[in-house]
Amino acid sequence: MRSRRRPHRAWVVAGVAFVAIVGAAGFRATPGVLITPLEDEFGWTRGTISLAVSVNLVLYGLTAPFAAALMDRLGMRRVVASALLLVALGSGLTVFMTSSWQLILCWGVLVGLGTGSMALVFVATVTDRWFVRHRGVVVGVLTAGGAAGQLVFLPLLAWVAEGPGWRTAAILVAGSALAVVPLVWLFLRDRPEDVGLTPLGAEPGAVRPAPPTGASGMRALTVLRSAARTRSFWYLAGGFAICGASTNGLVGTHFIPAAHDHGMPQTMAAGLLALIGVFDVVGTIFSGWLSDRVDPRILLGGYYALRGASLLVLPSLFSATAEPSMLIFIIFYGLDWVATVPPTVALCRTVYGRDGAVVFGWVFASHQVGAAIAAVVAGVTRDHLGHYDAAWYGAGLLCALAALLSLRIARGLPGPPAASDRPRAAVPTSGGA
């Protein structure tokens, strides 16, 4: 009697990637629960602490395109394992800090570089290499790992920061990062060909183009130079910059202290932010499914418009308790939080072919630059005005602009594909789904 057919190895790789992405998201979101404890212990202003968060966000984004190119040259396993070690080092060293510049170095630089190497560009790389079928759904599930990171880490870290203290929370993050390294090293594989397979859903006997050669940094810059000549790149980058400003930079960094300003306990605020992550998982997976069936430009336009509307009403919802109106916002905003990622990845792949993962790295860099600017501006706004209202309203209006930019993105390749992008034999193009 024949044994049942084993699942494709692609699902194992996707599972390991999911665990790493969950950790990266949780590690990066940690400063949100540390703002108030650091403010209380060291007397630093929120603007000063937000500067460290801003450096983290910028490096989280700017590392992505180089990490994508480095994964082509050195492999995903080496890059992700090294990134986890950087996160552990940066988080662990914070327990010894006495000055704000040390916070910038540890959480800003080291953790920013580490988490940036496991950012959403990692999602694009995994799906491009290992999947032809189910790409949209897998992008949605892996992207939802970011939301799961919030769900797993934020309430726990908030409780630890208020109880044993923020140093214990930092050590917990360092230990968690180290625990993932063996899993990545043992089970993550760089390409299907390394284990004698073809991508899930590829035609039998398909021959994939050879990996790019040359310096990884130079390839990342070359791809940027080429993509920057097209309008679609700037529409994608501009919209995603606003996406970052209205999520990681503003809500991800300042929701907890903003709620605390209105008398809400920090643990309750962290629980609400984690609850956003619950609904984000549902919204992002559904968005991935839609991205395989609906014009991604239409999806992006709708997502940004709805997010902008929700942010415009947020200032009126804060109170000392979690009122029903705030819970409605949490559900609505959560469904939309990272739903923008699957259609953005799909558009980068469709418009830029084989370079889509690296292009998405640069688009994601703009996302984090927008987030970094928003983190600092919101912190300074709070220091000068005593509240965050102007930041929420500004983000809502910017989302309307992002919706318009998304609708102007091109439908497909801007010109004939390069020779390296053309399929050989029966190979599907890298833009196939």
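The values are calculated or read from the model by the stated rules, or taken from the named source; none is laboratory data. Note that this is a predicted model, so its numbers are computed, not measured. Cβ: placed from backbone, ideal geometry, glycine included. Neighbour counts: every protein chain shown. Note: accessible area is taken over every heavy atom of the protein model, side chains too, but ligands, DNA and RNA are not part of it. Shrake-Rupley method; radii C 1.70, N 1.55, O 1.52, S 1.80 Å.
Within the bounds of region 336-343, is there any residue that is touching a helix residue (DSSP H, G or I) at 6+ places or on another chain (Cβ under 6 Å), at pLDDT 90 or above and either within 28 Å of residue 298 (Cα to Cα) or not polar (S, T, N, Q) (or both)? Spell out the reasoning first.
We begin by selecting, within region 336-343, every residue touching a helix residue (DSSP H, G or I) at 6+ places or on another chain (Cβ under 6 Å); these are 336-343.
Subset that is at pLDDT 90 or above: 340, 343.
Imposing the further condition that a residue be either within 28 Å of residue 298 (Cα to Cα) or not polar (S, T, N, Q) (or both) reduces the set to 340, 343.
Yes, some residue in region 336-343 is touching a helix residue (DSSP H, G or I) at 6+ places or on another chain (Cβ under 6 Å), at pLDDT 90 or above and either within 28 Å of residue 298 (Cα to Cα) or not polar (S, T, N, Q) (or both).
Is it true that residue 142 is buried (at least 24 other Cβ atoms within 10 Å of the Cβ), under 22 Å from the mean Cα position of the chain (by Cα) and not small (Gly, Ala, Ser)? Lay out the reasoning, then the answer.
Details: buried (at least 24 other Cβ atoms within 10 Å of the Cβ): yes; under 22 Å from the mean Cα position of the chain (by Cα): yes; not small (Gly, Ala, Ser): yes.
When the stated conditions are applied, residue 142 passes them.
Examine region 291-305 for a residue that is under 18 Å from residue 322 (Cβ atoms) and either in contact with a helix residue (DSSP H, G or I) (Cβ under 6 Å, 6 or more places away or on another chain) or at pLDDT below 90 (or both), and state whether such a residue exists. Full working, then the answer.
Start the filter on region 291-305 by keeping residues that are under 18 Å from residue 322 (Cβ atoms), which leaves none.
Within region 291-305, not a single residue is under 18 Å from residue 322 (Cβ atoms) and either in contact with a helix residue (DSSP H, G or I) (Cβ under 6 Å, 6 or more places away or on another chain) or at pLDDT below 90 (or both).
Take the residues in region 186-200 that are farther than 14 Å from residue 12 by Cβ and without any contact (Cβ under 8 Å) to a residue 12 or more places away in the chain; name whichever of them is least open to solvent (accessible area, probe 1.4 Å). So that I can check it myself, show each step before the final result.
Within region 186-200, the subset farther than 14 Å from residue 12 by Cβ is 193, 196, 198.
Checking which are without any contact (Cβ under 8 Å) to a residue 12 or more places away in the chain leaves us with 196, 198.
Details: 196: 69, 198: 50 Å².
Among them, the one singled out is 198.
Report yes if some residue within region 104-124 is of a type in the set (Phe, Trp, Tyr) and at pLDDT 85 or above; otherwise report no.
As a first pass, look at region 104-124 and keep what is of a type in the set (Phe, Trp, Tyr): 107, 122.
Going one step further and asking which of them are at pLDDT 85 or above, we end up with none.
Checking region 104-124: not a single residue is of a type in the set (Phe, Trp, Tyr) and at pLDDT 85 or above.
Quick test for you: out of 157, 105, 186, pick the one residue that is in a helix (DSSP H, G or I), more than 22 Å from residue 46 (Cβ to Cβ) and out of contact with any Cys (no Cβ under 6 Å at 6 or more places or on another chain).
Details: 157 fails: more than 22 Å from residue 46 (Cβ to Cβ); 105 fails: more than 22 Å from residue 46 (Cβ to Cβ).
After ruling out the rest, the residue left standing is 186.
Got a number for residues in region 100-116 being open to solvent by less than 20 Å² (accessible area, probe 1.4 Å) and not aromatic (Phe, Trp, Tyr)?
Initial filter on region 100-116 (open to solvent by less than 20 Å² (accessible area, probe 1.4 Å)): 103, 106-108, 111-112, 114-116.
In the following step, the residues that additionally are not aromatic (Phe, Trp, Tyr) were identified as 103, 106, 108, 111-112, 114-116.
Counting residues in region 100-116 that are open to solvent by less than 20 Å² (accessible area, probe 1.4 Å) and not aromatic (Phe, Trp, Tyr) gives 8.
So which residues in region 338-394 are acidic (Asp, Glu) and crowded, with 24+ Cβ neighbours inside 10 Å? So that I can check it myself, show each step before the final result.
We begin by selecting, within region 338-394, every residue acidic (Asp, Glu); these are 355, 383, 389.
The one that is acidic (Asp, Glu) and crowded, with 24+ Cβ neighbours inside 10 Å: 355.
With the structure loaded, tell me whether residue 98 is of a type in the set (S, T, N, Q), farther than 17 Å from residue 363 by Cβ and in contact (Cβ under 8 Å) with a residue 60 or more places away in the chain or whether it fails that test. If you could, list the steps in order and put the result at the bottom.
Numbers: of a type in the set (S, T, N, Q): yes; farther than 17 Å from residue 363 by Cβ: yes; in contact (Cβ under 8 Å) with a residue 60 or more places away in the chain: no.
Against the criterion (of a type in the set (S, T, N, Q), farther than 17 Å from residue 363 by Cβ and in contact (Cβ under 8 Å) with a residue 60 or more places away in the chain), residue 98 does not qualify.
Could you run through region 235-269 and say how many residues are within 19 Å of the chain's Cα centre (by Cα) and either outside any helix (DSSP H, G or I) or of a type outside the set (Ser, Thr, Tyr) (or both)?
17
Out of 413, 405, 398, report the one residue that is modelled with pLDDT of 60 or more, within 18 Å of residue 343 (Cα to Cα) and either of a type outside the set (Gly, Ala, Ser) or open to solvent by 80 Å² or more (accessible area, probe 1.4 Å) (or both).
On the way: 413 fails: modelled with pLDDT of 60 or more; 398 fails: within 18 Å of residue 343 (Cα to Cα).
Answer to the check: 405.
Could you grab me the full set of residues in region 173-185 that are closer than 14 Å to residue 91 by Cα, of a type outside the set (S, T, N, Q) and open to solvent by less than 60 Å² (accessible area, probe 1.4 Å)?
173, 174, 175, 177
Could you please find all residues in region 17-67 being under 16 Å from the mean Cα position of the chain (by Cα) and of a type in the set (D, E, K, R)? Walk me through it before giving the result.
Within region 17-67, the subset under 16 Å from the mean Cα position of the chain (by Cα) is 17-32, 53-67.
Result: 28, single match.
Starting from residues that are open to solvent by less than 10 Å² (accessible area, probe 1.4 Å) and among the small types (Gly, Ala, Ser), keep the ones in region 30-56 and report whichever is modelled with the lowest pLDDT.
Looking at the filtered set, the residue picked out is 32.
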